[in-house]
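Colleague: Take this structure first; my questions come after.
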Amino acid sequence: MQQGTLMRKVKSKSWKKQRYFKLQEDCMTIWYQSKRTGKTESAFSISDVETVREGHQSEVLQSVAEEFPPERCFTIVFYGRRGNLDLIAGSAEEAQCWVQGLRQLIEPRSFPLTFALVSCTWIRDWFQKADKNKDGRMNFKEVQRLLKMMNVDMNEDHALRLFQDADKSESGTLEGEEFVLFYKALTQREEVLSLFQEYSEDGKKLTLLELVDFLRQEQLEDEGTEELAMELIDKYEPSETARARHVLSADGFLMYLCSPEGSIFNPQHRVLWQDMSQPLCHYFISSSHNTYLIEDQIRGQSSIEGYIRALKRGCRCLEVDCWDGPNGEPMVYHGHTFTSKIPFREVVSTLGKTSWGNSSSPLPSMGTSPPSSHLQSSAGSQGTGLWRHWVAQGTSLSPTPQELKHKILLKGKKIGRLEDTLDGPGDEAPDVSDDDNGAEAEEERRRAKVGGTQHGSALQKDKESLAQALSDCVIYCKNVPFRGFQEARSHSRPSEISSLSEAKARKLIRDEGNDFVRHNAWQLTRIYPSGMRTDSSNYSPQEMWNVGCQIVALNFQTAGTEMDLCDGLFSQNGCCGYVLKPPFMRDEETLFNPNDPNSWEGPGPITLTIQVISGQQLPKVASSKEGAIIDPLVRVEIYGVPADQAHQETKYIENNGFNPRWDETLHFQIHVPELALIRFVVEDYDKTSRNDFVGQFTLAFANIKPGYRHIHLLSKDGTGIPPSSLFVHIRITE
């Protein structure tokens with residue numbers, strides 16, 4: 001029997017152990033064992049794998065880059081907080097075999113395969129968990145244990161009937177196809193079958209015309225409906241005979257409802273669908289704060305993994321705090337704290353390799369601390385697209401994302417005027433703006449003073465020269481101090497940017513809401529967290545988006561409602577990290593003020609009606625006791641202008657996380673739908689303490705598809721938890 005592929009498992013530069021890795025015959029499980037002992041160390045399911053990265057795309061593999069070429073290296077990234085698995089194959093060919101093979105298993109080309117794969121994996125995983133004696137069979141006692149594990153509290157007599165119906169061999173155990181039959185009986189969707197039969201004359205199939213009626217009346221599909229119906233049958237009907245007759249079975253109907261076309265998220269908005277030829281200030285831009293940190297702000301770990309994770313999540317504005325390190329080697333860390341440090345060269349290398357994986361949109365990069373003497377040479381040597389020219393010669397108008405594709409913009413302070421960059425350096429001292437903490441701002445003031453000294457040391461003169469080289473890299477994001485909206489209108493340019501603390505931004509929102517919106521229609525504004533958030537907590541980005549702030553920097557490493565809102569907003573438009581602001585926020589003369597209902601234009605509030613019908617295979621709470629079953633409820637939260645902030649929730653369903661039925665209807669009035677985000681949250685009800693989080697899904701109101709829809713839930717850190725979902729009915733009326 002083939003042992004598997006011999007590869008090196010790497011945990012650090014000095015820890016490299018040889019292990020045999022093998023894909024099991026089920027094509028769903030990978031195990032690896034020690035070469036020395038032959039003992040199986042671990043196994044993981046393909047469903048646990050989020051993605052596969054090629055080359056030196058991890059901190060560990062970068063540390064061995066001189067020893068092993070990138071063609072032999074790859075990283076397996078898991079969902080959730082499980083650590084990455086860094087591997088080095090014996091040859092480039094072996095590495096490619098594993099990389100391509102894994103990608104085909106985790107990224108099927110069509111959603112029906114994904115749905116089938118998830119169901120197959122789900123069944124197999126549960127069977128293996130419940131089959132305690134590993135004999136490949138399951139007796140009734142093991143089935144009862146399985147039901148508890150699956151969040152099902154079922155009457156014993158009913159469970160026994162399902163068991164006996166599936167036991168075709170009458171052996172008293174279930175194996176193979178018998179267990180699949182049991183699982184299908186267990187997962188029968190009565191609410192979907194009832195809907196299917198409502199439109200099916202014979203209750204067994206939907207003809208093409210019956211499917212067209214359903215799509216028009218319930219799903220509100222009003223263009224090309226017959227063509228769409230044909231596409232759905234060809235795509236989701238599992239029976240070749242039914243496809244040939246142009247009819248849809250109950251199984252095909254369910255597969256359609258669980259597909260992207262049946263999702264609450266408009267599939268046409270998943271791709272790049274917005275105009276990308278407007279000035280940068282007309283877009284919300286996905287932005288991170290202290291990107292290098294993966295823990296807290298005082299003693300947390302700095303890692304290039306922070307940059308990789310943020311970029312993979314669609315972030316387009318990164319922060320690089322660069323300081324002089326030992327032997328003149330620049331280091332990245334949170335200045336004046338005890339956070340760990342990473343070499344600047346590794347950060348630049350990582351940006352060059354991963355910046356354009358999910359998006360070709362421009363990448364603004366923050367350098368908020370005193371630059372190292374190697375910054376310019378390191379950035380220039382990577383050829384990652386550092387932009388150093390005007391798009392239109394001699395102008396300072398803000399460029400567009402389309403014009404700056406595959407380019408990196410450096411945000412920072414600048415010596416002299418921006419226009420001087422075209423002809424040569426100016427002689428003004430660098431401006432000093434609001435910054436992330438007082439210590440950094442004080443250091444900049446000290447350096448500005450040194451830069452203006454006539455008789456400094458040779459070292460000071462060298463620093464001045466190098467600071468000029470850095471200054472010349474700042475083109476469209478010159479950092480300037482904010483001294484009021486009137487001052488900005490009179491003296492600032494569209495190519496400049498100001499940074500404001502969350503507290504200062506809130507005061508401006510409260511006192512000068514309309515002026516703030518007008519300012520953001522022609523100039524970029526960056527908001528950053530309070531220095532008191534040493535635990536890397538986040539503020540609500542919604543109130544900043546309500547006045548059009550483009551660069552709302554969040555701590556991406558901290559899960560919670562704030563990051564759910566961020567992911568929800570930027571999950572559209574091809575996840576490119578840019579979302580076009582509504583027209584009334586792009587008008588420099590707009591009257592809009594999020595705090596003043598009299599300033600809102602439009603026909604009036606719209607009504608969002610959500611019928612929460614059912615849930616499917618909800619996960620158990622991680623901290624729950626063995627055998628405990630959740631009592632799920634659904635809360636719907638609306639985020640937007642203050643008048644639209646609201647939430648309602650269903651009753652809880654006792655002891656059923658497998659297929660709970662709520663059948664409750666919630667109503668919301670939304671005045672400014674262009675800014676609204678909808679968050680669906682499932683919680684485990686607890687009458688004595690705070691409810692436990694189960695799953696969530698957040699999306700912009702503009703991306704909602706009405707009709708009968710599935711909502712595929714995400715975990716606390718934003719990763720999928722298949723096949724957990726909600727089934728809802730959505731109506732939008734004016």
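Colleague: How would you rank 199-211, 493-505, 162-174, highest first, on the average number of other Cβ atoms within 10 Å across their residues?
Modeller: 493-505, 199-211, 162-174
Colleague: With the Cα gyration tensor of region 606-733 giving a ≥ b ≥ c as the square roots of its eigenvalues, does the rule (a/c under 1.5 for rounded; else a/b larger than b/c for prolate; else oblate) give rounded, prolate or oblate?
Modeller: Cα axes put region 606-733 in the prolate bin.
Colleague: For a quick check of your reading of the filter: which trypsin sites (Lys or Arg not before Pro) in region 604-650 sit in a DSSP loop and have no more than 13 other Cβ atoms within 10 Å?
Modeller: When the trypsin sites (Lys or Arg not before Pro) of region 604-650 are filtered for loop state and at most 13 Cβ neighbours within 10 Å, LYS625 remain.
Colleague: Next question. Evaluate the distance, in nm, between pseudo-label points positioned 7 Å from the Cα of ASP222 and of HIS158 along their respective Cα→Cβ axes.
Modeller: 4.2 nm
Colleague: Here's a follow-up. Cβ under 13 Å from THR354's Cβ, THR354 left aside: what net charge do those residues give with Lys, Arg +1 and Asp, Glu -1?
Modeller: Taking every Cβ under 13 Å from that of THR354, the sum is +2.
Colleague: From the backbone phi of region 554-566, what are the Karplus-calculated ³J(HN,Hα) couplings (6.51 cos²θ - 1.76 cosθ + 1.60, θ = phi - 60°) in whole Hz, Gly and Pro given as x?
Modeller: Calculated HN-Hα couplings, in order: 10, 7, 5, 7, 10, 6, x, 4, 4, 6, 4, 5, 4 Hz.
Colleague: Looking only at region 299-323, which residues have a backbone nitrogen under 19 Å from a spot 7 Å from the Cα of ARG82 in the C-beta direction?
Modeller: 309
Colleague: I'd like to compare 563-572, 45-54: which one has the highest average count of other Cβ atoms within 10 Å, and what's the full order after that?
Modeller: Ranking the peptides 563-572, 45-54 by packing returns 563-572, 45-54.
Colleague: Which order, highest average first, do 478-486, 593-601 follow once you tally other Cβ atoms within 10 Å for each residue and take the mean per peptide?
Modeller: For the peptides 478-486, 593-601, the packing ranking is 478-486, 593-601.
Colleague: Between GLU664 and GLU329, what's the calculated FRET efficiency when r is the beta-carbon distance and R0 is 45 Å? Round to 0.05.
Modeller: About 0.15, to the nearest 0.05.
Colleague: Let me ask something else about it. PHE74's amide H: which non-local residues (gap 5+, or another chain) put their own amide H closer than 5 Å, with H modeled 1.01 Å from N in plane and none for Pro or chain starts?
Modeller: Answer set, sorted by chain and number: GLY55, LEU87, ALA89.
Colleague: Which entries in the list LYS413/LYS504; LYS132/LYS620; LYS22/LYS353; LYS184/LYS312 go over 27 Å, if you measure between the two C-alpha atoms of each?
Modeller: LYS22/LYS353; LYS184/LYS312
Colleague: Once the Cβ-Cβ distance between HIS491 and TYR685 is put in as r, and R0 is 56 Å, what FRET efficiency do you end up with, to the nearest 0.05?
Modeller: After rounding, the FRET efficiency stands at 0.50.
Colleague: Short version: ³J(HN,Hα) in whole Hz for each residue of region 61-72, in order, from phi by Karplus 6.51 cos²θ - 1.76 cosθ + 1.60 (θ = phi - 60°), x for Gly and Pro, what are they?
Modeller: Couplings: 5, 5, 6, 10, 4, 6, 8, 10, x, x, 5, 9 Hz.
Colleague: Which whole-angstrom value gives the distance between the alpha carbon centres of region 664-721 and region 526-592?
Modeller: 18 Å
Colleague: Roughly how big is region 190-262's charge dipole about its Cα centre, with Cβ charges of +1 (Lys, Arg) and -1 (Asp, Glu), in debye to the nearest 20?
Modeller: 300 debye
Colleague: Right, another one. 5 Å is the cut-off here: which amide hydrogens, built 1.01 Å from N in the peptide plane, fall below it relative to ASN555, excluding neighbours closer than 5 in sequence?
Modeller: For ASN555, the qualifying residues are HIS289.
Colleague: Determine the sum of side-chain charges near ILE509: Lys and Arg each +1, Asp and Glu each -1, restricted to other residues whose C-beta is under 12 angstrom from that of ILE509.
Modeller: Around ILE509, the charge tally is -2.
Colleague: Once phi is turned into ³J(HN,Hα) by the Karplus curve 6.51 cos²θ - 1.76 cosθ + 1.60 with θ = phi - 60°, what whole-Hz value does each residue of region 682-697 show in order, with x for glycine and proline?
Modeller: Taking θ as phi minus 60°, the curve returns 9, 10, 8, 5, 9, 6, 9, 8, 5, 4, 8, 6, 10, x, 7, 8 Hz for region 682-697.
Colleague: Between ALA646 and residues 5 or more places away or on another chain, which pairs have amide H atoms under 5 Å apart, with H built 1.01 Å from N, and which residues are they?
Modeller: Result for ALA646 returns ILE638.
Colleague: Summing Lys, Arg as +1 and Asp, Glu as -1, what charge do residues with Cβ under 15 Å from the Cβ of SER239 carry, SER239 excluded?
Modeller: Here the count lands on +1.
Every number here is computed from the coordinates shown, using simple stated rules; none is lab data. Remember, predicted model here, so these are calculated numbers, not experimental data. Glycine gets a Cβ as well: all are built from the backbone with ideal geometry, and neighbour counts include every protein chain shown.
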